[in-house]
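The values are calculated or read from the model by the stated rules, or taken from the named source; none is laboratory data. Quick caveat, the model's predicted, so the values are computed rather than measured. Cβ sites come from the backbone with ideal geometry, for glycine too, and all protein chains shown count toward neighbours.
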Amino acid sequence: MASSLSVSKLTTPNASASLPEALRRRSSKTCFLALVPSVTNYKINLSASLRTTHLNAFQSSLRIRCSQADGNGSPAKRTVLHDLYEKQGQSPWYDNLCRPVTDLIPLIESGVRGVTSNPAIFQKAISSSSAYNDQFRELVQAGKDIESAYWELVVKDIQDACKLFEPIYDETDGGDGYVSVEVSPRLADDTQGTIEDAKWLHKVVSRPNVYIKIPATAACVPSIKEVIANGISVNVTLIFSLERYEAVIDAYLDGLEASGLNDLSRVTSVASFFVSRVDTLIDKNLEKIGTPEALNLRGKAAVAQAALAYQLYQRKFSGPRWEALVKKGAKKQRLLWASTSVKNPAYPDTLYVAPLIGPDTVSTMPDQALQAFIDHGIVARTIDSNASEAEGIYNALQKLGIDWRSVGSQLELEGVDSFKKSFESLLDTLQEKANSLKLVSL
């Protein structure tokens with residue numbers, strides 16, 4: 001595989017491509033993985049102290065980090081990530097991206113099959129690394145405005161990452177090997193602006209295995225339908241509730257039906273259902289309630305709702321309507337588990353990965369979750385192992401006064417706001433860099 005993944009000619013974005021009008025109106029770290037000689041499965045229910053001991057020892061051998069160094073890390077060994085895909089049909093993706101993207105090669109060899117990015121990830125990568133300085137300097141000297149320069153930095157990373165994952169995309173006939181890039185977070189409440197931005201990003205990246213990320217806000221659900229109808233593959237992000245998830249599925253189906261295409265096999269999608277943040281919010285509410293029953297439900301809401309989302313997925317992608325689309329080559333919109341890192345250190349570090357394993361799904365993992373699962377994750381089908389228990393937890397939370405719709409709305413607002421702040425912060429950082437470059441040139 002290593003030879004097929006060589007990247008001697010990584011592409012550069014089209015310098016003549018301009019930002020869509022909707023955007024204009026609104027105006028050196030490297031990541032790599034070095035694997036231990038062998039990987040041992042540990043039970044998920046290790047005590048917190050024992051788990052920490054294992055992980056600390058493991059981290060001395062495994063590195064997924066950002067550094068100034070060149071090179072692609074050590075040759076990778078077979079890991080449980082390969083079993084996850086081959087035995088259970090779940091695709092492990094990496095939730096991070098930074099330069100040089102060639103340092104993703106050991107991750108790919110270790111079993112990672114795709115990459116997700118978002119404004120927060122690029123804010124961290126670009127603002128804290130010197131790896132982007134040369135290209136940024138050229139853009140500034142060429143007279144590019146700050147936002148245009150930002151998008152050119154992002155597009156280059158996405159194009160280069162797409163090149164790395166293209167062999168997986170080809171081997172799976174478009175089933176896997178995707179790299180996701182998000183539309184401007186400023187457009188979360190702008191239906192038409194999101195459509196324009198998605199079309200522009202798809203055109204400027206110009207790679208078959210790129211996913212354009214669109215948030216699942218009320219304003220953007222119609223955007224999803226329109227973008228899919230235009231034959232553009234979409235990663236729908238920031239899904240926090242079953243109600244909104246069903247609307248996302250319907251938008252995908254509506255888009256396929258409206259496309260007019262005879263061959264739908266190249267129009268694909270994933271629906272990114274966020275997990276850990278659900279527990280973070282609901283746990284706070286349960287602690288306010290304070291009863292033994294409420295406290296006993298802490299750390300259970302997110303996985304329960306995700307299990308019900310999988311049931312909904314199975315129902316929606318079956319029956320006469322779906323079968324008619326299958327005849328035209330349509331592929332299911334896979335459920336993607338996002339926000340899989342544990343926020344509460346008292347919880348098992350694979351809590352949002354291990355219980356959500358099932359066929360036709362994706363789990364995108366940031367460093368912490370990926371390290372933990374490779375170290376001691378157990379590969380077994382778990383997502384529908386106890387559906388009745390998941391429904392019981394979901395209903396019990398409702399009876400305690402947890403309003404699932406309100407939870408979803410609050411988390412969506414917080415998610416959009418977080419990405420907007422990351423985006424604005426990065427533009428400010430780039431402006432400061434541009435000012436310093438101009439001072440130096442004077």
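See the values below:
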read-out: Residue list for the stretch 308-324, filter: buried (at least 19 other Cβ atoms within 10 Å of the Cβ) and not in a helix (DSSP H, G or I); value: 317
read-out: Residue tally, condition crowded, with 24+ Cβ neighbours inside 10 Å and assigned to a helix (DSSP H, G or I), over the stretch 263-279; value: 2
read-out: Some residue of the stretch 280-298 being in contact with a Phe, Trp or Tyr (Cβ under 8 Å, 6 or more places away or on another chain), of a type outside the set (Lys, Arg) and either outside any helix (DSSP H, G or I) or at pLDDT below 95 (or both); value: no
read-out: Residue within the stretch 149-158 that is closer than 23 Å to residue 418 by Cα, of a type in the set (Gly, Ala, Ser) and at pLDDT 95 or above present; value: yes
read-out: Given (1) surrounded by fewer than 23 Cβ atoms within 10 Å (Cβ to Cβ); (2) closer than 26 Å to residue 255 by Cα, index of the condition residue 363 fails; value: (1)
read-out: Condition check for residue 371: surrounded by 14 or more Cβ atoms within 10 Å (Cβ to Cβ) and assigned to a helix (DSSP H, G or I); value: yes
read-out: Test result for residue 244, of a type in the set (Lys, Arg) and surrounded by 19 or more Cβ atoms within 10 Å (Cβ to Cβ); value: yes
read-out: Members of the stretch 382-409 that are surrounded by 16 or more Cβ atoms within 10 Å (Cβ to Cβ) and either assigned to a loop (DSSP other than H, G, I, E, B) or touching a Gly at 6+ places or on another chain (Cβ under 6 Å) (or both); value: 382, 383, 402
read-out: Enumeration of residues in the stretch 247-260 that are crowded, with 16+ Cβ neighbours inside 10 Å and assigned to a loop (DSSP other than H, G, I, E, B); value: 259
read-out: Residue list for the stretch 326-345, restricted to those being assigned to a loop (DSSP other than H, G, I, E, B) and within 15 Å of residue 277 (Cβ to Cβ); value: 339, 340, 341, 342, 343, 344
read-out: Top-ranked residue of the stretch 351-404 - restricted to ones that are of a type in the set (Ser, Thr, Tyr) and under 23 Å from the mean Cα position of the chain (by Cα), ranked as farthest from residue 86 (Cα to Cα); value: 352
read-out: Residue 149 vs. criteria surrounded by fewer than 21 Cβ atoms within 10 Å (Cβ to Cβ) and touching a Phe, Trp or Tyr at 6+ places or on another chain (Cβ under 9 Å); value: no
read-out: Residue in the stretch 197-211 that is assigned to a helix (DSSP H, G or I), modelled with pLDDT of 95 or more, of a type outside the set (A, V, I, L, M) and touching an Asp or Glu at 6+ places or on another chain (Cβ under 7 Å) present; value: no
read-out: Residue in the stretch 214-222 that is touching a strand residue (DSSP E or B) at 6+ places or on another chain (Cβ under 6 Å) and among the small types (Gly, Ala, Ser) present; value: yes
read-out: Close pairs from the stretch 287-298: first surrounded by 11 or more Cβ atoms within 10 Å (Cβ to Cβ), partner of a type in the set (S, T, N, Q) and outside any helix (DSSP H, G or I), Cβ under 9 Å, at least 6 apart; value: 298/344
